[in-house]
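Below: the structure, in structure tokens.
Derivation of every value follows stated rules applied to the coordinates shown; laboratory data play no part. Model, not experiment: these values are computed from the prediction.
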């Protein structure tokens, strides 16, 4: 089973089918495409800055190996290790970029393949409902929320003071 993250626009309302038109699933696993094609993989996924950064790192790394006079077999092994690091971090950079562009992770799904993950994530998104609107309280009503009132009777664990003593 592979884990996938669902990214939607920040202003998407839970259960809104329109938001799924802009949905993006990102696989949380090693990226063989990024391993073999390095900076080109980033460009295909429209990660321009990351792709340019990877290209610069690869060029600087190869120049450094040449300037140091590293044996060709050792240089090849070092390049494979660098490509492995890129393959490990590629999807994390993709998730980070999506979050930075206003498309945070809204769900995490485990599935055998991408189609199953899409089906599960979309079904879970459509099952959600918008949060209930809490009616405005009157000035005479106590300012205790129902969830806080339910917690007050529970004992406090750890070094935190009891809820009654915090007032």
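A few comments on the model shown:
- Where both bridge residues fall in segment 2-127, DSSP classifies roughly 100% of the beta bridges as antiparallel.
- Sequence-separation-based contact order of segment 2-127, relative, with Cα cut under 8 Å and 6+ spacing, percent: 44 percent
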